[in-house]
Amino acid sequence: MHNPLALLTTPLMEAMLKEPKLFVREYYARGHNHFDVHGTIPLLFTYYEKEKDVEYNRAHFHFRQLKEDAYAFFYDSENPQHRERLLKAAAQPSPYKCYTNLLMAEWKAPAYLRTKIHSYMLHHLSWWNYNKTHSLHVHLKDRYGKLFLQMGWKGNHAEVLLDDIENFNPCAMT
C-alpha cells in the first residue's frame, strides 16, 4: 500500500500549533511498514483550520465518520491537555507511528501505481479513449483521512479512491 503522507515530528507539530487547529486522529492502515517493529500502531492526524467555518464543519464531519475506529479522537489545539497530547504524539511514542495529512514531497505516482492507474482507466473510464500519447494529470487529494487520485485527461475529470486503484485486478474482470 502506497503511503505518501509525512511522519509527524515535534518541529512540524510546533509549527502547526502556531495557529488554532482541530485534529482528527484515526487508525491509518497505509502507515504499516514491513520494517516496523511488530505491534506498531499507525495513526493519522488530519488537521483543520479552526478559525474557518468550512474547515471546522469538515473536522466534525470527519470525526463523525469514525464511529467504528477505536483510535478515533478529536483534538482542539486551544485545549491545553489536547495540545500536550498532540506534542506527545509528534514525539512518536511507542508503539505508535504518527502521520499527518501532509505530503513528504511533491507527489508523483510511483511506476507500479502508474501502471495500475492506466489499467484502471482502460477498464473503468473506457469512454475517455485514453492513450499514453497525451499527458494524464494526476493529483493526490486527502479527503477525511482517505486518499483520492484526481485525474484529468483531454477535458475529462475523475476522482477515484486510491484504494480502488491499488486493489484493482483486471484479471478478475473476466
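The values are calculated or read from the model by the stated rules, or taken from the named source; none is laboratory data. Since we're looking at a predicted model, the values are computed, not measured. Positions of Cβ are generated from backbone atoms using ideal geometry, with glycine treated the same way; all protein chains shown enter the neighbour counts.
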Of the conditions (1) in contact (Cβ under 8 Å) with a residue 40 or more places away in the chain; (2) in contact with a helix residue (DSSP H, G or I) (Cβ under 8 Å, 6 or more places away or on another chain); (3) not assigned by TED's automatic domain parsing to the domain that holds K141, I117 satisfies every one except a single condition; which number is it?
(3)
Qualifying residue in region 93-102 (condition: in the same structural domain as V24 (by TED's automatic domain parsing) and over 24 Å from H2 (Cβ atoms))
yes
Looking only at region 90-114, which residues are under 22 Å from K21 (Cα atoms) and in contact (Cβ under 8 Å) with a residue 60 or more places away in the chain?
A90, A91, Q92, K97, C98, Y99, T100, N101, L102, L103, M104
Give the residue that is surrounded by the fewest Cβ atoms within 10 Å (Cβ to Cβ), with candidates limited to residues of region 118-174 that are over 21 Å from the mean Cα position of the chain (by Cα) and among the aliphatic types (A, V, I, L, M).
A172
Looking at L102, L113, which is the one that is modelled with pLDDT under 95 and either more than 30 Å from N156 (Cβ to Cβ) or part of a strand (DSSP E or B) (or both)?
L102
Residue list for region 34-59, filter: in contact (Cβ under 8 Å) with a residue 24 or more places away in the chain and out of contact with any strand residue (DSSP E or B) (no Cβ under 8 Å at 6 or more places or on another chain)
V37, G39, E51
Specify the residue that is nearest to D53 (Cα to Cα); the eligible residues are those in region 4-26 that are crowded, with 17+ Cβ neighbours inside 10 Å and touching a helix residue (DSSP H, G or I) at 6+ places or on another chain (Cβ under 6 Å).
L22
Counting just the residues of region 41-74 that are aliphatic (A, V, I, L, M) and over 18 Å from the mean Cα position of the chain (by Cα), which one comes out farthest from E19 (Cα to Cα)?
A70
Output the qualifying pairs, or none if there are none: Cβ atoms under 7 angstrom, residues six or more apart or on different chains, first residue in region 127-139 and under 20 Å from W107 (Cα atoms) and without any contact (Cβ under 8 Å) to a residue 60 or more places away in the chain, second residue assigned to a helix (DSSP H, G or I) and among the hydrophobic types (A, V, I, L, M, F, W, C).
V138/I117
Cβ contacts < 6 Å: first residue in the same structural domain as P11 (by TED's automatic domain parsing), restricted to region 76-89; second residue among the small types (G, A, S), any location; separation 6+ or different chain. Result?
R83/S77
Within region 75-111, restricting attention to residues that are surrounded by 11 or more Cβ atoms within 10 Å (Cβ to Cβ) and acidic (D, E), which residue is nearest to the chain's Cα centre (by Cα)?
D76
